[in-house]
Amino acid sequence: MSKSMLFLYAETPLHAGTGRGLGTVDLPIQRERSTGYPMIQASGIKGRLRAELKGKLSDKDLWAVFGPETDKAADHAGALSFGDARLLLFPVRSLAGVFSWVTSVDALARFHREAALLGQTPSWNVPMPGPKSEEDDAEAWVYGKTLKAGSKVVLEEFSFTAVDKIEVKEIGEWLAKHALPSLPEYDYWKAILPQKLCILPEDSYRDFTLYATEVQTHIAMDYDKKTVKDGALWTAEGLPIDSLLYVPLMANDSRSTEESTKDLKNSDILKKITGCGLSRINFGGDETTGQGFVALKFLGGDS
């Protein structure tokens, strides 16, 4: 089996929705059941990549990688398996440094585990939190002075005690090299990532991912009256620009019975994706209003 990690870096707000919501947001984004962290389900990742590669790959290669068209779906399964897209870095407004990429030990440990499963174990170790004290302010682990306002890190309206950790630099440098897109316009973002990375307590990280997403208001117009149509006002949630997600990819040997593709090995299947030259793609809804554009980076799989 050949394996790779696909990173998705949001260049515009990203709405991968669940349909109509019951809360204050009419169209919420997909979230994990146990943690509430934003995610994109594997079926959406697979479907969008298939649509993007239609025309770039031959039909027979496309069927070998993703499976046949619906009317022939029982013939054989696709050889490429997708995991869900999980959130790793989430941008939050900061009093110093304008914004910070926040994460948590919990999120880093999950990523470390999945990367190891794919044979891409990071060079850094997951930092271990110390004992929790009820009297102490919550800590924000940072590197350098960029995010510090005195002795504090202030994100949105919440204040944390700044604690310098060399591990933050190590993780930030690894992510800059291996997770951010290889495009030349990302040189600046790679340089600032170690200074703008902040590791928060898991409860604080969860709360930011729940309540600091983008919420956009939409309307439908009555063009004759030049007013909003009755009842045509709704809100849609999206992941903010500069969010970073990761997707595990695992390839088996071809299951196709076609003469030209039945002998494709797992490494050949994976290269159909990692070697296709994709650098940007669109995910989720509201494509016609510029939503959902992400930059791609493959780790492993001879990308």
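In table form, for the structure just shown:
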read-out: Reach of Lys169 by Cα under 16 Å, taken over lysines that are not fewer than 8 positions away in the same chain; value: Lys145, Lys148, Lys177, Lys190, Lys196
read-out: Listed peptides 274-282, 182-190 by packing density, highest first (mean Cβ within 10 Å); value: 274-282, 182-190
read-out: Using θ = phi - 60° and Karplus 6.51 cos²θ - 1.76 cosθ + 1.60, couplings along region 32-47 (whole Hz; Gly, Pro as x); value: 5, 5, 7, 10, x, 5, x, 7, 10, 5, 4, 4, x, 4, 4, x
read-out: Val126-Trp234 FRET efficiency (beta carbon distance; Förster radius 30 Å; 0.05 resolution); value: 0.15
read-out: Cross-link partners of Lys46 among aspartates and glutamates (Cα-Cα below 19 Å; sequence separation of 8 or more within a chain); value: Glu32, Asp59, Asp61, Glu69, Asp71, Asp75, Asp84, Glu114, Asp253, Asp268, Asp286, Glu287
read-out: J(HN,Hα) series, region 257-271, from Karplus relation 6.51 cos²θ - 1.76 cosθ + 1.60, nearest Hz, glycine and proline x; value: 9, 5, 4, 7, 10, 5, 9, 5, 7, 4, 5, 5, 4, 5, 5
read-out: Radius 10 Å from Cβ of Ala179, net charge of other residues (Lys, Arg +1; Asp, Glu -1); value: +3
read-out: Net +/- balance of residues flanking Glu258 in space, Cβ distance below 12 Å, scoring K and R +1, D and E -1; value: -1
read-out: Förster-model FRET efficiency, 41 Å R0, Thr18 and Thr257, C-beta, rounded to 0.05; value: 0.65
read-out: Highest-first arrangement of 39-48, 249-258, where packing means the average Cβ count within 10 Å; value: 249-258, 39-48
read-out: Cα-based convex hull volume of region 37-103 per residue, rounded to whole Å³; value: 115
read-out: Extension gain from Lys56 to Glu156, taking 0.36 nm per residue of separation minus the Cα-Cα distance; value: 31.6 nm
read-out: Geometric extent, Cα atoms of region 166-303 - Rg, Dmax (angstrom); value: 21.0, 63
read-out: Principal axis box of the chain, alpha-carbon based, largest edge first, Å; value: 67, 61, 37
read-out: Per-selection Kirkwood Rh - region 128-211 (Cα, Å, 1 d.p.); value: 13.9
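Only the coordinates and a few stated rules stand behind these numbers; no lab work does. All figures in this text were calculated on a predicted structure; none of them were measured in a lab. Positions of Cβ are backbone-derived with ideal geometry, glycine not excepted, and every protein chain shown enters the neighbour counts.
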